[in-house]
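What follows is calculated from the coordinates using simple rules that are stated; it is not laboratory data. Being a predicted model, the structure only gives us computed values, none of them experimental. A quick note on method: Cβ atoms are made from the backbone with ideal geometry, for glycine too, and the neighbour counts reach across all protein chains shown.
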Amino acid sequence: MRFSNLFAPTVKEAPKDATLPSHKYLIRAGFVSQYGSGLYNFLPLGKIVFDKIKDIVKEEMDKAGANEIQMGVVTPAELWRESGRYSVFGKELLRFRDRKDNDFVLGPTHEEVVVDIVKNRITSYKQLPLHLYQITTKFRDEARPRFGLLRGREFTMKDGYSFHKDEACMKKEFDHMEETYTKIFTRLGLDFRAVDADSGAIGGSGSKEFMVLAQNGEDDIIVCENCSYAANIEAATRAKKTTDVEAPIAETAKFFTPEQKTIEDVCNYLRVDPFYSIKAVIKKAIYEEKEEIVVFFIRGNDVLQETKALNACGALDLVDASAQEVEEAGLIAGFCGPVNLPEDINFYIDNELKEEKNLCCGANEKDYHWVGFKMLNFKESRYKDLIQVNAGDICSCCGSKLGITKGIEVGHIFQLGQKYASAMNATFLDENGKSQAFYMGCYGIGVSRLVAVMIEASHDELGCIWNKQTAPFLLDIIISNVKNEEERVVAEDIYQSLKAKGLNVLLDDRNERFGFKMKDFELIGFPYALIVGKGLQEGSVEVVDRKTLEKVSLKVDAVEKYLEELLS
RNA sequence: CGGGAUGUAGCGCAGCCUGGGUAGCGCACUACCUUGGGGUGGUAGAGGUCGCCCGUUCAAAUCGGGUCAUUCCGACCA
């Protein structure tokens, strides 16, 4: 490709709202252009990189035995009603009507459609397992699109769905996909971790996210300093918290604690370490058909993990309860505790408080707290994992310290079980001639997001730094001065012969000054540049390494061989 | 969804508040000249419904109301 023929509109200034390097460089270097909130066009450079990433994903998926298909973006709402998600999925699901007034959605994910494809076509266990995948456009009407391609509304995802006759087979494929994803992200040259994750609205039991470790990540990840344990903070667990502080041993008694409403106040007043107190977090849970106040009890020095809390009560959403709603529920803010709650109040207790003693907690009576409280006689189903793991907590696998880091989610694999197949009545006959719902797995990779992630993971103050696997071109041959006949001829020769060898190179033949072309090289970030310029007087040219910016001078007749080795 | 900000040439911005009256700067663009190893220098140009609607006024980019869009912080985010 000749640069003079390439549509790569590079600019000096980044859009004012771009805060992340990937966002700035994608736009400044002319990879993408924005045309609406969370909507981006891929320009030639962006499209090349996108395709390269896509090809790697496709290659590994095919190698793993999956079948590529392509499902439509527009989906009849009927299918979503069948699975029950039409009413459950939030506002991210864009709904609309056609001219006949029928309801449709723009697919944010395709479990429903794929089940519909397989239903009544796969009818025997002998036809299983089966793995179908696609790499296509998705739409999610994000509340707040941002960070360029990292959180757009329209994006491209590789989504795969596997079908199995039983749980064991499903788990096998889950592990197989973990391996496959590891291969994909390794090939892309990314620094990543597979972490335990929450399954969110997709549902299912076990799920793992693939996180690229990057400062600008949106997710918090808990990682063990010593062993391989890693988890999204929404799902992270720890060894039970302990303390060296002596327990405040006391007879169980109600204590007058006037106006002492916060953990800090109460603990100071009673001279108790917050470790020995119970914090009540009052939330409003929103269900499909109702809303209600729910109380979560955790240790006074812990923080409620909202995703865990949401999973505990099975609500669609948890929001802060207003003072009025708390009062109407019969609760006294600041004095709420697990005993003598109003009959109809739903509540959950963190696992770590089970059978703990010598605690202080609200008495559900204004200006009174219990001391010497024992956490006994609650139903097992009240106990849930509710707390947020923090840096410095202890790893439950090896006993070392846990740390916290940021990550960008690039892949997520789920064990769905029979959730969708049951809801949509998709069944097959097993070995015993009995009708069974399919066991399913589902596996996603954010392909368009990866374009941005690659830059987030590899850039400097000058621009992008592509690796050979994903670079739009491997080499930028820069003609220092196109008015110099000799430079032009030499560069053209090298360009033609490298091209003939199947190497993916660019010839910057534009009538621009040397500095201008170098800036473009650095901004776009091709792995290498070849400068054909002044050195020709001594019969030499220079190869620049984008990563190190180091230049190597070579004789013209030796450069082709050198480049062939460098680029292959 | 809560709180803030912005909308003026392709991009980045000034002008508005505080005096309502001719729309400006940098980059990019066009022509010619110049220069040719780090976004060369010069001369001359082209390019605008000042987001949209309504109102106040002799007169609105500027004042008032509405609306749309974009965006930042937070909540949310398979």
- [ ] Please arrange A:Lys16, A:Lys58, A:Lys240 by counting, for each residue, the other beta carbons lying within 10 Å of its beta carbon, fewest first.
- [x] A:Lys16, A:Lys240, A:Lys58
- [ ] Grab the eigenvalues of the alpha-carbon gyration tensor for the stretch A:88-231, scale each by 5, take roots, and send me the semi-axes largest first in whole angstrom.
- [x] 28, 25, 13
TODO: Within the stretch A:100-127, which residues have the backbone N less than 14 Å from the label spot 7 Å out from A:Asp219 along Cα→beta-carbon, could you tell me?
DONE: none
Task: Ascending count of other beta-carbon atoms within 10 Å, so fewest first, for A:Phe378, A:Phe174 - done: A:Phe378, A:Phe174
Open item on the list: At R0 = 45 Å, how high is the FRET efficiency between A:Asp101 and A:Ser322 if r is their beta carbon distance? Nearest 0.05 is fine.
Closed with: 0.75
TODO: In nm, give the distance between the simple-model label positions of A:Arg146 and A:Ala500, each being 7 Å from the Cα along the Cα-to-Cβ direction.
DONE: 5.4 nm
- [ ] Only helical DSSP H runs with n ≥ 4 go in: add -39500 (n - 2.57) per run for chain A, normalise by residue count and round the 222 nm mean residue ellipticity to 500 deg cm²/dmol.
- [x] -7500 deg cm²/dmol
TODO: In nm, give the distance between the simple-model label positions of A:Arg2 and A:Glu78, each being 7 Å from the Cα along the Cα-to-Cβ direction.
DONE: 5.6 nm
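For A:Asn346 and A:Lys16, calculate 0.36 nm times their separation in residues minus their Cα-Cα distance, and state this gained length in nm to one decimal. Intermediate values should be presented prior to the final figure.
On the way: separation 330, 0.36 × 330 = 118.80 nm, distance 4.75 nm.
Stretched out fully, the A:Asn346 to A:Lys16 stretch lengthens by 114.1 nm.
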TODO: Using DSSP, restrict attention to beta bridges with both residues in chain A and report what percent are antiparallel, rounded to the nearest 5.
DONE: 80 percent
Open item on the list: Using each residue's phi in the stretch A:81-95, evaluate 6.51 cos²θ - 1.76 cosθ + 1.60 at θ = phi - 60° and report the 3J(HN,Hα) Karplus result to the nearest Hz, with x for Gly and Pro.
Closed with: 6, 4, 7, x, 8, 4, 8, 8, 5, x, 6, 5, 7, 7, 10
Task: Amide H contacts of A:Ala18 (H built 1.01 Å from N, under 5 Å, at least 5 apart or other chain) - done: none
Open item on the list: Between A:Ser381 and A:Arg271, what is 0.36 nm times their sequence separation minus the Cα-Cα distance? Round to one decimal in nm.
Closed with: 36.4 nm
Open item on the list: Just to verify a number: FRET efficiency for A:Thr548 and A:Glu365, C-beta to C-beta distance, R0 = 51 Å, to 0.05?
Closed with: 0.15
Open item on the list: With unit charges on the beta carbons (Lys and Arg positive, Asp and Glu negative) and the dipole taken about the Cα centre of chain A, which residue among A:Asn340, A:Leu318, A:Ser277 sits farthest to the positive side?
Closed with: A:Leu318
Task: Semi-axes of the equivalent ellipsoid for chain A, Cα gyration tensor, largest first, Å - done: 54, 31, 22
Open item on the list: My understanding is that a pair violates if its Cα-Cα distance is over 25 Å; which of A:Lys534/A:Lys561; A:Lys58/A:Lys171; A:Lys138/A:Lys208; A:Lys63/A:Lys158; A:Lys279/A:Lys384; A:Lys16/A:Lys91 do that in this structure?
Closed with: A:Lys16/A:Lys91
- [ ] May I ask which residue of A:Phe210, A:Leu331, A:Met375 lies farthest towards the positive end of the charge dipole of chain A, with charges of +1 (Lys, Arg) and -1 (Asp, Glu) on Cβ and the Cα centre as origin?
- [x] A:Phe210
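From the mean inverse distance of alpha carbon pairs (Kirkwood) and the Cα radius of gyration, derive Rg over Rh for the stretch A:83-127.
1.10
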TODO: List A:Met211, A:Met1 from most exposed to least, where exposure is judged by having the fewest other Cβ atoms within 10 Å.
DONE: A:Met1, A:Met211
Task: Within straight-line cross-link reach of A:Lys434, lysines at Cα separation under 17 Å, skipping those fewer than 8 residues along the same chain - done: A:Lys119, A:Lys126, A:Lys165
TODO: Report the Stokes-Einstein translational diffusion coefficient (µm² s⁻¹, integer) for the stretch A:446-516, Rh taken as the Kirkwood radius over Cα pairs, at 20 °C with viscosity 1.002 mPa s.
DONE: 152 µm²/s
- [ ] Rounded to whole Å and ordered largest first, report the semi-axes of the equivalent ellipsoid of the stretch A:475-567 derived from its Cα gyration tensor (root of 5λ).
- [x] 16, 16, 13
TODO: Please report the Cα spread of the stretch A:253-384 along all three principal axes, rounded to whole Å, starting with the longest.
DONE: 43, 29, 24
Task: Spin-label zone in the stretch A:61-91 - amide nitrogen under 11 Å from a point set 7 Å from the Cα of A:Ile286 along the C-beta vector - done: A:90-91
TODO: Could you point to the residue in A:Gly411, A:Tyr562, A:Thr109 farthest towards the positive end of chain A's charge dipole, with +1 and -1 charges on the Cβ of Lys/Arg and Asp/Glu respectively?
DONE: A:Tyr562
Open item on the list: Could you tell me the calculated FRET efficiency between A:Ala250 and A:Glu92, based on Cβ-Cβ distance and R0 = 41 angstrom, to the nearest 0.05?
Closed with: 0.25
TODO: Find the centroid of the Cα atoms in the stretch A:427-503 and in the stretch A:311-357, then give the distance between the two in whole Å.
DONE: 51 Å
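How big is the charge dipole of chain A about its Cα centre, in debye rounded to the nearest 20, if each Lys and Arg gets +1 on its Cβ and each Asp and Glu gets -1 on its Cβ?
For chain A, the charge dipole is close to 980 debye.
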